[in-house]
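The structure appears right after this line, and notes come after that.
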Amino acid sequence: MMRGVRLAFSLLILFLTVRSTFARHIRATIIYDDVATEVANAEEQNGQIWLTPADLERATHFEIKPQGVCRGVLCFPLPKAKRQEFLIEREGKTWFDLSAFAELVNQSVAHDEALAAWYFGLRGDQRQTLSHLEAPDFTLPDMGGKLHSLSEYRGKKVLLVTWASW
Amino acid sequence: MPGWQAIYQELGTKNLEIISVAQDTNGVKDAGQWITAAHPTYAALIDEKHLVSKLYNMVNVPTGVWINELGKIARPNEVAFVDDRFKTFTGLDSAPYLAGLRDWVEKGDKSSYVMGEDQLRGKMAANDPNFMLASAEFGLGEHLYKAGHLTEAIPHFKEAQRLNPKSWNYKRQAYALSGERDYGTTFAQEVEKAGGSKVYYPAPDLPAGAGKKP
């Protein structure tokens with residue numbers, strides 16, 4: 001009896017280990033810059049999310065280039081020694097570890113396992129820093145949908161004030 | 001909002017712009033009627049994703065920031081009441097804050113209300129990793145709520161509240177989306193826990209005697 005229980009327990013541990021070691025194909029929702037993108041073919045491993053370069057670009061607008069992971073003039077070089085940790089080949093496809101990249105660019109990530117949703121927060125370069133005391137820029141719509149950016153108000157004093165209906 | 005319109009009519013001609021930003025997950029649906037009623041001529045923006053609160057590490061509303069002509073912060077996050085509608089709840093008088101605002105509009109960087117760099121750095125919240133994670137959890141909760149998964153959103157809202165207990169935005173917005181019973185508390189209880197409504201909003205840290213005529 002005890003042996004049976006032990007065996008079942010060992011098998012369970014083995015199953016969990018195997019399950020977490022191997023990448024699983026999943027359908028994932030990637031929320032990046034507060035925009036959600038459905039990705040039909042993603043891989044998940046130990047809670048880390050891997051995307052193909054094409055899906056990376058679709059979901060985040062970042063591209064993998066020889067000089068690093070870039071979006072326009074913004075480029076994050078991948079540490080040379082670690083490049084193979086971010087980019088791997090599996091079953092003839094290239095996969096990029098977006099979770100590891102988030103760590104590299106100092107970005108917090110929230111994950112909902114049941115709904116396979118990953119939310120990527122502000123990167124370090126987007127956040128207010130204490131070093132230059134500049135007011136972070138933003139662009140938001142008014143009720144009519146017209147966009148306004150803080151940076152358009154240079155040359156004026158601005159009282160920025162938040163409120164809410166609740 | 002009517003209060004800001006009055007201030008804008010007074011100071012808008014003196015190179016002050018007001019940008020109000022609604023921190024409502026449901027955007028125009030919840031905030032719209034208040035904006036329409038106020039007839040603002042200043043910028044009244046909609047911020048469904050709470051981007052401004054995220055960027056500036058804000059924890060409650062109303063929160064005001066003064067930004068000078070060069071785009072630098074002159075006074076960081078502080079409670080910003082421009083009228084006394086909530087005075088019986090908060091115990092805060094709007095007059096000293098408004099006196100400061102007028103002084104700044106008139107004197108610019110020479111105003112004693114403008115903070116020096118060291119004081120600013122001391123006041124501004126550092127990017128605490130737990131707060132950053134709280135912001136991501138809240139953002140995920142908002143996304144799930146909007147995608148029709150309110151039940152699944154609640155644990156993420158709770159996690160945001162746990163990781164950044166200083167944020168009233170995370171509590172108040174979440175309670176507004178589904179009711180306080182999902183959180184086992186009420187806004188009134190939370191205010192009491194924090195020491196009561198008279199300390200709920202920390203008063204703006206205005207310099208003693210500032211703005212007075214010598």
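The values are calculated or read from the model by the stated rules, or taken from the named source; none is laboratory data. Because the structure is predicted, anything quoted here is derived from the model rather than measured. Using ideal geometry, Cβ is built from the backbone for each residue, glycine included, and neighbour counts are taken over all protein chains shown.
Brief remarks on what is shown
- Unique residue being assigned by TED's automatic domain parsing to the domain that holds B:Ser20, over 22 Å from A:Thr129 (Cα atoms) and not in a helix (DSSP H, G or I) when the list is B:Phe89, B:Phe81: B:Phe81
- When we screen B:Glu69, B:Glu48 for residues that are closer than 29 Å to B:Ala153 by Cβ, surrounded by fewer than 23 Cβ atoms within 10 Å (Cβ to Cβ) and acidic (Asp, Glu), the only hit is B:Glu48.
- Residue check, B:Glu192 farther than 29 Å from B:Phe89 by Cβ and acidic (Asp, Glu): no
- Hey, A:Leu122 facing another protein chain (nearest Cβ under 8 Å), modelled with pLDDT under 95 and within 22 Å of the chain's Cα centre (by Cα) or not: yes
- Condition met for B:Phe86 (among the aromatic types (Phe, Trp, Tyr) and farther than 24 Å from A:Met143 by Cα): yes
- All positions within the stretch A:75-90 that are modelled with pLDDT under 95 and in a strand (DSSP E or B): A:Leu87, A:Ile88, A:Glu89, A:Arg90
- Of all the residues in the stretch A:129-158, those that are at the interface with another protein chain (Cβ under 7 Å from one of its Cβ atoms), touching a helix residue (DSSP H, G or I) at 6+ places or on another chain (Cβ under 8 Å) and either part of a loop (DSSP other than H, G, I, E, B) or of a type outside the set (D, E, K, R) (or both) number 8.
- Selection of first residues in the stretch B:136-152 that are closer than 14 Å to B:Ala176 by Cα and among the hydrophobic types (A, V, I, L, M, F, W, C) and of second residues that are modelled with pLDDT under 95 and surrounded by fewer than 17 Cβ atoms within 10 Å (Cβ to Cβ), restricted to Cβ pairs under 6 Å at least 6 apart or on distinct chains, gives the following pairs, ordered by first then second residue: B:Leu150/B:Ser178.
- Among residues that are in contact (Cβ under 8 Å) with a residue 24 or more places away in the chain, farther than 16 Å from A:Thr162 by Cβ and surrounded by fewer than 21 Cβ atoms within 10 Å (Cβ to Cβ), B:Val79 is not included.
- Scan of the stretch A:100-117 for residues that are surrounded by fewer than 19 Cβ atoms within 10 Å (Cβ to Cβ), within 12 Å of chain B (Cβ to nearest Cβ) and part of a helix (DSSP H, G or I), ordered by number: A:Glu103
- Selection within the stretch B:51-60 - hydrophobic (A, V, I, L, M, F, W, C) and either buried (at least 24 other Cβ atoms within 10 Å of the Cβ) or more than 9 Å from chain A (Cβ to nearest Cβ) (or both): B:Met58, B:Val59
- The residue list B:Thr25, B:Thr13, B:Thr41 contains one member that is more than 7 Å from every other protein chain (Cβ to nearest Cβ), among the hydroxyl-bearing types (Ser, Thr, Tyr) and under 21 Å from B:His143 (Cβ atoms), which is B:Thr25.
- Considering B:Tyr42, B:Tyr113, the condition of being over 23 Å from B:Ala203 (Cα atoms) and of a type in the set (Phe, Trp, Tyr) is satisfied by B:Tyr42 alone.
- Residue check, A:Ala59 assigned to a helix (DSSP H, G or I) and surrounded by 14 or more Cβ atoms within 10 Å (Cβ to Cβ): yes
- Qualifying residue in the stretch B:114-127 (condition: without any contact (Cβ under 8 Å) to a residue 12 or more places away in the chain, closer than 20 Å to B:Ala80 by Cβ, more than 9 Å from every other protein chain (Cβ to nearest Cβ) and surrounded by fewer than 17 Cβ atoms within 10 Å (Cβ to Cβ)): yes
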